[in-house]
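Only one structure is covered here, and it is reproduced in the block below.
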Amino acid sequence: MIKDQIKKEYKLKLKALKKHNKLYYDTNKPIITDSQYDKLKLEIINLEKNFTYLKNENSTNIPVGYKASKSFEKFKHKVPMLSLSNAFDKDDLINFEKKIFNYLDTKKKFDYSVEPKIDGISASLTYINKKLEYGVSRGDGNIGEIITENLKTIDDIPHLIKNDEFPNEIEIRGEVFIKKKDFFKIKDNFANPRNAASGSLRQKDPEQTKKIPLNFIAYAHGFIGTKSQNSQSEFLKDLKRWGFKTNTENKVLPNIEELIKFHKKFENKRFNLEYDIDGLVYKVNDMNLQSRLGFTSNSPRWAIAHKFSADSAKTKILNIEIQVGRTGALTPVAKVEPVNIGGVVVSNATLHNEDEIKRKDIRIGDIVKIERAGDVIPHVIEVDKTSRKIKSKVFDFPKKCPSCGSNTIKEYNKLTKKYDAVRRCTNDSYECEKIAIEKIKHFISKEALNIDGLGKKVVEKFWELNLIKKPQDIFNLNYPEIANLDGWGKLSARNLENSILNSKKITFKRFLYSLGIRHIGIENAKLISVNTKNISNFLKIVSKNQIDKFLNIDGIGETQIKSLNNFFSNKKNLETVIELTNILNIQSEISEKNGILKNKTFMFTGKLDGISRAEAKSLIEKNSGTTLSNISKNLDYLVVGEKPTKKKIDQAKNFSVKVITQKELIKLIN
Ligand code: IVH
């Protein structure tokens, strides 16, 4: 009898715990305090301890956390959802096109598909056998959240495709947005239409999503099961045929001149549209060229967003502060009298660097015109010198690092034969406070350790409290102390502990990137990690002072070597890296690829025919090969183009490297 009662009580408590877990993790709306939660949990543990039959019968350990994430299940996009690079003027567009011509090694003209850039949030819809199976948010571009039921409430999104030519499997991408007139009705609840769309889509309950009228316009595909269309404009027509809404303003234009004319016209027209747009998207229309051009790590080479001109306002510079960045760059920031620019209150504006201040002669006390465009940091465009007081003084840019007092320098660029516009602290280490804190922020960021619950603000707070001064301190936190901090609690401290624990397993590439060494971004980290394979090889090279060896890696040059040498010549930095290596579980770089050129290395000499070096290199990489920039016994093939360097061919022969032509390379691949 008593046993039954105890079982009943136990089950009720367990049910309550599950409910509160869900409320906390899933909806973000706990209804009991942390200590009430802990008490409940302790009661369950005690019951289990005292009445062992409970645990066996339920065979459930106490659930910790409703789900890994605070809300939605995760989904890995088959093809990443990247962003677009921005153009603001004709020069940016000419530069964009020039890069394309170079990459394709051609001067042949091509058409552009022009599409309004709706300011909403993107979503990816996976259809399998014509049925909508998953609707996913962009997330970090690689992993999004499954919000299928919410997306299904949008009328523009078909659940079932009726058209016979629809691919068996496809990820349809487009923008979810709210029309201006609908936003007007709910504007008190959200800062802007984009926030409204985003907030509504992330509701846990689809019924809530339904309440805000959302729309969907399709414009791209991710994974596509069948051969894709020949052009973007054809694809847009197909989308329409399949039952999706596409933008009625889409157009095909032949060249930059026409793009600019259209953009000018559209700058006024945008105000008459039913929805907000913040620019136009230009895409190389030919899909074959698109696939040749491919992607950089952040964005496609074949598309760009041409933003509309920004809003601006006049205000007064109250002070000029110098921020020290992760790589030691001294960035001047103007603190200005708060001013409303296009709906956003601005009180800071970047002054970019020392040269910019000199060039525009920007001074404290000046009245300046500040511009703000979309997500770009506000900046000063001109100084009103007529309103300047006689006693105003030229701004004296500090020559010592304001954080650690070290010397600062402007580097000389051998290529451009000019001094850098940016002044830098020479102490690229954890010894300079400001650099250290920025390095830690980088260390925990999304592409690095990606620690949930440890954002930039928390890092700053923990820095102030002396809890984190070096990256390795993150793994030695005092959680009971954190639980007692304002705004924390046992539960949040425990969550942080979990995510820090989870972050310990990291790929070698991400680890290298996480160190925040200047010029070692994710792409270069990848090159080095693939080449050295694991952290111990890497550390051997570093500790033997053989960083120059990396010059052999195609893509790594003097600049990267200098920066690596600079970083590792500082003992504290090396110590930190070694300590981290002991704490973390750094996964060796194993190539998941199994292409035909796996384990083969290539080098080029001479000009190739109809293809740029960059494209040839990415072709080799697509087939799992690697390219080197020096001849050694590690090289398998030297690909010879027009006018090759004879010395390289001789050297290759000495090392018994196979010397092949471009045609022979293509043959290897096909
Ligand atoms: S193409 C890889 N087309 O702009 C190509 N994007 O900064 C990526 N957007 O996240 C997208 N209208 O949310 C594309 N017609 C359009 C677009 C568009 C709006 C948004 C989208 C994307 C962002 C890129």
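The values are calculated or read from the model by the stated rules, or taken from the named source; none is laboratory data. What you are looking at is a predicted structure, and each value in this text was computed from that prediction instead of being measured. Cβ atoms come from the backbone with ideal geometry, glycine included; neighbour counts cover every protein chain shown.
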* Is there a residue being of a type in the set (Phe, Trp, Tyr) and out of contact with any Ser or Thr (no Cβ under 7 Å at 6 or more places or on another chain) anywhere in the stretch 422-442? -> no
* Just for helices (runs of 4 or more DSSP H) wholly inside the stretch 185-244: which have at least 1 residues that are more than 23 Å from Tyr127 (Cα to Cα)? -> 193-201, 206-211
* Within the stretch 163-207, considering residues that are modelled with pLDDT of 85 or more and basic (Lys, Arg), the one surrounded by the most Cβ atoms within 10 Å (Cβ to Cβ) -> Arg173
* Looking at the stretch 562-609, which of its residues are under 24 Å from Val657 (Cβ atoms) and β-branched (Val, Ile, Thr)? -> Ile596, Thr601, Thr605
* Selection from the stretch 294-317 of residues that are of a type in the set (A, V, I, L, M, F, W, C), surrounded by fewer than 21 Cβ atoms within 10 Å (Cβ to Cβ) and within 12 Å of the ligand (Cβ to nearest atom) -> Phe295, Ala305
* To do: Report the residue count in the stretch 86-118 for those that are modelled with pLDDT under 90 and within 19 Å of the chain's Cα centre (by Cα).
  => 1
* Structure fact -> Screening Glu257, Glu267 for residues that are out of contact with any Phe, Trp or Tyr (no Cβ under 8 Å at 6 or more places or on another chain) and outside any loop (DSSP other than H, G, I, E, B) leaves only Glu257
* **Filter pass, Tyr25 being in a loop (DSSP other than H, G, I, E, B), hydroxyl-bearing (Ser, Thr, Tyr) and modelled with pLDDT under 65** => no
* Where in the stretch 76-151 are there strands (runs of 3 or more DSSP E), lying fully within it, with 2 or more residues that are over 27 Å from Phe262 (Cβ atoms), in contact (Cβ under 8 Å) with a residue 40 or more places away in the chain and within 16 Å of the ligand (Cβ to nearest atom)? -> 121-128, 131-137, 143-145
* Asked: Residues in the stretch 326-369 that are of a type outside the set (S, T, N, Q) and in a loop (DSSP other than H, G, I, E, B): how many?
  -> 12
* Positions within the stretch 384-408 being of a type in the set (A, V, I, L, M, F, W, C) and modelled with pLDDT under 95, in sequence order -> Ile390
* Asked: In the stretch 156-190, how many are without any contact (Cβ under 8 Å) to a residue 12 or more places away in the chain and under 27 Å from Asn272 (Cα atoms)?
  -> 6
* Give me the pairs, please: first residue somewhere in the stretch 231-260 and over 16 Å from Lys109 (Cβ atoms) and in contact (Cβ under 8 Å) with a residue 24 or more places away in the chain, second residue anywhere and of a type in the set (Val, Ile, Thr) and within 13 Å of the ligand (Cβ to nearest atom), beta-carbon distance under 6 Å, and either six or more positions apart or on two chains. => Leu236/Thr246; Leu239/Thr246; Lys245/Ile217; Asn247/Ile217; Lys251/Val114
